[in-house]
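Heads up: the structure comes next, in structure tokens.
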Amino acid sequence: MSEIPPVLTVTAISTIGVTDVHDDNADSWLVIETAEQGQLLLNLPGPLYRAAVQSTELPADQPGPGRLALTEAEVAAYRAHIASLTRTEQESSE
């Protein structure tokens, strides 16, 4: 990881679904709305949809089809960045 990517705050999400319900490797589509960019259409090819669903349940370092397995250092960097964003937001609201 070279740098922390930009943050997008998702405000709404809608699943369009797979392009072929009989094909386990078919693309899935999502529309997300973000505070920063408005609506974005996401194409999740093949196993990425499952990886996205699993991402909230599996450890960040667990590899698998379509999963971005993060190192402990990357997880620590993201957590530190999130903590700084959270502190900034809390300080702004006070």
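The values are calculated or read from the model by the stated rules, or taken from the named source; none is laboratory data. Just so we're clear, the structure is a prediction, and the values are computed from it rather than from any experiment. Neighbour counts run over all protein chains shown; Cβ positions are idealised from the backbone, glycine included. Accessible surface areas use protein heavy atoms only, side chains included; no ligands, DNA or RNA. Shrake-Rupley method; radii C 1.70, N 1.55, O 1.52, S 1.80 Å.
3J(HN,Hα) couplings calculated from phi for region 30-36 with the Karplus curve 6.51 cos²θ - 1.76 cosθ + 1.60 (θ = phi - 60°) are, in sequence order, 10, 10, 10, 10, 10, 5, 8 Hz; Gly and Pro show x.
Each of LEU30 and ALA69 was given a label point 7 Å from its Cα along the Cα-to-Cβ line. The distance between the two points is 2.2 nm.
Note on region 20-82: Cα-Cα pairs beyond 17 Å make up 56% of the total pair count.
The calculated 222 nm mean residue ellipticity attributable to helices in the chain amounts to -10000 deg cm²/dmol, summing -39500 (n - 2.57) over DSSP H runs of n ≥ 4 and dividing by all residues.
Protein heavy-atom surface of region 22-63, 1.4 angstrom probe: 51% of the accessible area is carbon and sulfur, with nucleic acids and ligands not counted. Under 5 Å from the amide H of ASP27 lie the amide H atoms of THR19, ASP20, GLY46, each residue being 5 or more positions distant or on a separate chain, with H modelled from the backbone and absent for Pro and chain starts.
With bins 5 Å wide beginning at 0, the percent of Cα pairs of region 46-89 falling in each bin runs 5, 22, 22, 18, 17, 11, 4, 1. Summing +1 for each Lys or Arg and -1 for each Asp or Glu, what net charge is found among the other residues whose Cβ lies under 13 Å from the Cβ of ALA73? Net of charged neighbours comes to -2.
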